[in-house]
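Reviewing the structure listed below.
Please treat every number below as a calculation from the coordinates, not as lab data. Only a predicted model underlies this, so the values are computations on that prediction, with no experimental measurement involved. Positions of Cβ are generated from backbone atoms using ideal geometry, with glycine treated the same way; all protein chains shown enter the neighbour counts.
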Amino acid sequence: MKITIGQKIDGWKNYTPTQIKVVGLQHRYASVMEFFRGCQQSQASGHDAWVTLVREPHNKHDPNAIKVIGHWRRRGLFRIIEKQRHIGYLQADIASEAAPLVEAGQMRARLMSVYRSNDGFLDVNIILVIPH
């Protein structure tokens, strides 16, 4: 099942011409599944789902690492509840270019789609954006 989001961010334009895949999803399978279900609930109830980028300069594998955090809203009994999960990372080659921009608050990400196949394969696609 594919959930297409693709919401524009006012005042921001595409930096990447095509969608890029969030990597490392298999290492956070439970979190990504929770995000997928959260996206379904958000869409069904008219609420938002989105991603944010967070620099991780002390990552032991890559000092340019950028985490992708999935956010969603759902209706609680008395109020709207916002949830978030660390779902993956930007690819290393992209993170090395994007790190200074993310650090300076000059780059964000648009959530484009979240996909789950019948056999459990997960895929999350984003587009990086910068201010106009």
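Kirkwood Rh, the chain, all Cα pairs: how many Å? Intermediate values should be presented prior to the final figure.
Values: mean 1/r = 0.0663 Å⁻¹.
So the Kirkwood estimate lands at 15.1 Å.
Adding -39500 (n - 2.57) for every DSSP H run of four residues or longer, then dividing by how many residues the chain holds, sets the calculated 222 nm ellipticity at -7000 deg cm²/dmol. Between Ala99, Gln84, Ser113, the Cα set farthest toward the positive side of the dipole of region 81-132 (charges on each charged residue's Cβ, about the Cα centre) is that of Gln84.
With the Cα gyration tensor of region 65-128 giving a ≥ b ≥ c as the square roots of its eigenvalues, does the rule (a/c under 1.5 for rounded; else a/b larger than b/c for prolate; else oblate) give rounded, prolate or oblate? Oblate, since a/c reaches 1.5 and b/c is not below a/b. Relative to the dominant Cα principal axis of the chain, helix 29-45 is inclined by about 60°.
Under the convention that each Lys and Arg Cβ holds +1 and each Asp and Glu Cβ holds -1, the size of the dipole of region 11-69 around its Cα centre is about 120 debye. Potential lengthening of the chain between Leu77 and Gln26 amounts to 15.1 nm, from the contour at 0.36 nm per residue minus the alpha-carbon distance. Placing dummy labels 7 Å off each Cα toward the beta-carbon, the span from Ser96 to Thr52 is 2.8 nm. What distance in nm lies between label points placed 7 Å from Cα along the C-beta direction at Gln41 and Asn59? In this crude spin-label approximation the distance works out to 2.8 nm.
Each residue, Lys8 and Ser113, gets one label point 7 Å from its Cα in the Cβ direction; the gap between the two is 2.1 nm.
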